[in-house]
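Below you'll find the structure, written out as structure tokens, and then a few comments.
Since every read-out is calculated from the coordinates, none of them should be taken as a lab result. Since this is a predicted model, take the numbers as computed values, not measurements. No Cβ is skipped: glycine too gets one built from the backbone with ideal geometry, and neighbour counts run over all protein chains shown.
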Amino acid sequence: MSDVLAVTEHRRGELRDVSFEVITAGRELAAETGGELHVAVIGGDTESFADSLNREGVDAIHTVSEGEEFNHDIYAQAVEALHAELDPEVLLTPNSVNGLDYAPAVANSLDLSLATDAVDLDYDDGLTVTREMYGSKVETTIEVGGDQQAVTIRGAEWPAAEGVGDAEVSEFDADIDTDTGSTVTGFEEVGGGDVDISEADFIVSIGRGIEEEENLDLIRDLVDATDATLASSRPIVDNGWLPKNRQVGQSGKVVTPTVYLAIGISGAVQHVAGMKGADNIIAINTDPNAPIFDIADYGIVGDLFEVVPELIEQFEG
């Protein structure tokens, strides 16, 4: 029997979606190892967070009440102390900016084997991790050696954990040294942070098919009519038509909205990696063979300059 420790993540007072995804990944892995799933939440409103994280399949929740926002030194010390106490075979963290900050440091300090950006996990007499390579064109499965491993998981690859759990919640005394020379003074969005598309419920996303920047006005009319959030593929950002924070994809943001309306987007693997977790994908494209239709739940083969005005009229009517 080998236990799993999953570290969750929060930002500005709210748990991030990947926290519930890492629970699902941990729950599946613990079922394969025959061990228990331990979940950790560090800093912030730990009591409220622990209540939300108490999902079916979680065996124990450990809270560390130190700090509000993410701090490398606090997280590294807390995770190392938890690992020393629980002695799990596998440590799971999000493959986020925060996760990639402290997970390698913890792995180095504790001499753990490290695998990052996992899209699938399997355990059969040892841990194997599936990762994507060459711009998500190829999947590769690797055996992660060593007695204990640390793995960062990609967001939106596992469904969010559901079901009410009955895990025991306990405060963990990590004996953290706060006199480290680093202090978090606040949180600031980077790159034109007028909106966080990763939190949007309905996204209208555009690609090369809009042809010219002037045609953004038509798309914005649709966004207003549907009360959606505007996003795009990389070429739109590279052209300077929208800021970086609107980009969906491997080099942009991962989004998991209820509805993702892709307009004039071909469906390159780099873009699909950022939106394939949407509940409902609707695609509009003139090319019936566009790759986007391979993953779309609904598709419209047609000229966006004819289809979009019709949609606006329907929503405004």
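Using DSSP, restrict attention to beta bridges with both residues in the stretch 1-136 and report what percent are antiparallel, rounded to the nearest 5.
So the antiparallel bridges in the stretch 1-136 amount to around 30 percent.
For the stretch 1-102, give the magnitude of the charge dipole about the Cα centre (Cβ charges: +1 Lys/Arg, -1 Asp/Glu; no others), in debye to the nearest 20.
Dipole about the Cα centre, nearest 20: 220 debye.
Which three extents, in whole angstrom, do the alpha-carbon atoms of the stretch 2-171 cover along their principal axes, largest first?
40, 31, 29
How large is the charge dipole for the stretch 136-278, taken about the Cα centre, if only the Cβ atoms of Lys, Arg (+1) and Asp, Glu (-1) carry charge, to the nearest 20 debye?
It works out to roughly 960 debye.
Between the stretch 1-47 and the stretch 293-317, what is the C-alpha centre distance in whole Å?
39 Å
Rounded to the nearest 20 debye, what is the charge dipole size of the chain about its Cα centre when +1 sits on each Lys and Arg Cβ and -1 on each Asp and Glu Cβ?
Roughly 1040 debye for the chain.
Distance between Cα centroids, the stretch 158-186 to the stretch 197-268: provide it in whole Å.
For the stretch 158-186 versus the stretch 197-268, the Cα centre distance is 34 Å.
On the principal axes of its Cα set, how long, how wide and how thick is the chain? Give whole Å, largest value first.
Sorted from largest, the Cα extents of the chain read 62, 43, 35 Å.
Taking every DSSP beta bridge with both residues inside the stretch 82-158, roughly what % is antiparallel (nearest 5)?
Given both bridge residues lie in the stretch 82-158, the antiparallel proportion sits at roughly 55 percent.
For the chain, what does -39500 (n - 2.57) per DSSP helix run (n ≥ 4), summed and divided by total residues, give at 222 nm, in deg cm²/dmol to the nearest 500?
-8000 deg cm²/dmol
Can you pull out the trypsin sites (Lys or Arg not before Pro) in the stretch 91-184 whose DSSP state is coil and whose Cβ has at most 10 other Cβ atoms within 10 Å?
Here the trypsin sites (Lys or Arg not before Pro) that fit, given the DSSP loop and packing criteria, are 137.
Can you give me the Cα centroid spacing of the stretch 115-155 and the stretch 57-113 in angstrom?
Their Cα centres are 18 Å away from one another.
When DSSP beta bridges are limited to those with both residues in the chain, what percentage is antiparallel, rounded to the nearest 5?
25 percent
Along the positive direction of the dipole of the chain (beta-carbon charges: Lys, Arg +1; Asp, Glu -1; about the Cα centre), which of 202, 41, 241 reaches farthest?
Result: 241.
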